[in-house]
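Engineer: Please find one structure pasted underneath; my questions will follow.
The values are calculated or read from the model by the stated rules, or taken from the named source; none is laboratory data. No experiment lies behind these values; they were computed from the predicted model shown. A quick note on method: Cβ atoms are made from the backbone with ideal geometry, for glycine too, and the neighbour counts reach across all protein chains shown.
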Amino acid sequence: MNNDQNLAIMKALADKSRLAIVSSLLERPQYVEEIAQRHGLAASTVSFHLRKLEKAGLVSGRKDQYYVVFRTNDGIFNTTLREIVSAHPAPRELQDNRMEAYRRKVLDSFFRNGRLEKLPAQHKKRLIVLEQFALRFEPDRRYSEQEATGLIMPLFDDYCTIRRLLVDEGLVRRDGALYWREGNPGDASAMALFPSPVIDEAGKVHKGSVRSMAKRMCRQNRPDMGVYQIRNTANGRIYVGNTTNLEGIRNSRLFQLRMGKVVFSRELQKDLDQFGAGSFEFSVLEVLDAAESASSSERSLAALYLRWLEKLQPFGERGYNSAKAYQRDLNRLRIQAGSESK
């Protein structure tokens, strides 16, 4: 079913009389006059409602001698409401792009010439801004209080407030006078708009370090492609995904979790509402061989993703992935492989 048909089904059923007619037809096939008598409606009214239901594909009519007998379309009525509303969701890439566009809009509103003008009052916007400060901390590196100040001050003068908020929001950890951001060693976020400066032993920022860092970022190699998982530590359920940019997706997914709104899984959203972002952890399952050519990398990534789905079976009670989507992608990959072998 396509989106138009899904909408037609929902509209067709949004009427008390049509619901009553459908209920009768689910019992057994009937003709117009029989339905009209059963529900105390005019035959013309029943015909009008049946046309709406027929257009939506819910019922069909077949001439039987002098009458047209209507019956329900069992194929549609065996479809669950969940399948109807989620049959054609917006592509993940489109949803992620919308989230990224919102994030960029917030940053453009509060930053001018690379500096924060003021802290947003709205919590979700404040998180977006604070993330820019957190991403200046190299993952798992311990910073003294003076060094942490050196990272914050180039973007905002009130470094005390930023330091406190980073810790309060769990973006940066603190132990005594040491500060650090948890993550994978060498993790360089694709979401950081303001590169981290180089800090000397005295906690001072090297001049020109921001410019040189930006140049290095422009020269960096293609990001790692691979398969990742998001695990709910409270109940063990997992979500398995694949991406052409593991570093970027890690920050995007963790950001969505912290915001309390994920766009890639309705089931995960339910558990996020119940358990909170602190119950979820991100990890990389496998990185695609960097030697893969650009022409074959997409297919290799799809095959790698399907192998991990087969291995982990993150469906139903075990996870948040769709078994139907997995089977559909598996069949598509087999068809592609078969057509190329001919």
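Engineer: Residue under question is E117, and the condition is that it be loosely packed, with under 13 Cβ neighbours inside 10 Å, at pLDDT 90 or above and over 16 Å from Q256 (Cβ atoms); does it hold?
Structural biologist: Yes.
Engineer: Within region 231-256, track down each residue that is of a type in the set (D, E, K, R) and either outside the structural domain of D271 (by TED's automatic domain parsing) or farther than 15 Å from L288 by Cα (or both).
Structural biologist: Residues satisfying the conditions are R231, R237, R250, R253.
Engineer: May I pose another question? Scan region 234-253 residue by residue and report those that are among the β-branched types (V, I, T) and modelled with pLDDT of 95 or more.
Structural biologist: Listed by number, the residues that qualify are I238, V240.
Engineer: Of the conditions (1) over 12 Å from the mean Cα position of the chain (by Cα); (2) surrounded by fewer than 15 Cβ atoms within 10 Å (Cβ to Cβ), K261 fails just one. Which one is it?
Structural biologist: Single failed check for K261: (1).
Engineer: Please pick out the residue among N235, N242 that is surrounded by fewer than 20 Cβ atoms within 10 Å (Cβ to Cβ) and polar (S, T, N, Q).
Structural biologist: Selected residue: N235, the only one of N235, N242 that is surrounded by fewer than 20 Cβ atoms within 10 Å (Cβ to Cβ) and polar (S, T, N, Q).
Engineer: Quick check on my filter: what residues within region 29-60 are under 15 Å from T72 (Cβ atoms), free of Cβ contacts under 8 Å to residues at least 24 places away in the same chain and not in a helix (DSSP H, G or I)?
Structural biologist: Passing the criteria: only S60.
Engineer: In region 125-166, which residues are of a type in the set (A, V, I, L, M) and in a helix (DSSP H, G or I)?
Structural biologist: Listed by number, the residues that qualify are L127, I128, V129, L130, A134, A148, L151, I152, I162, L165, L166.
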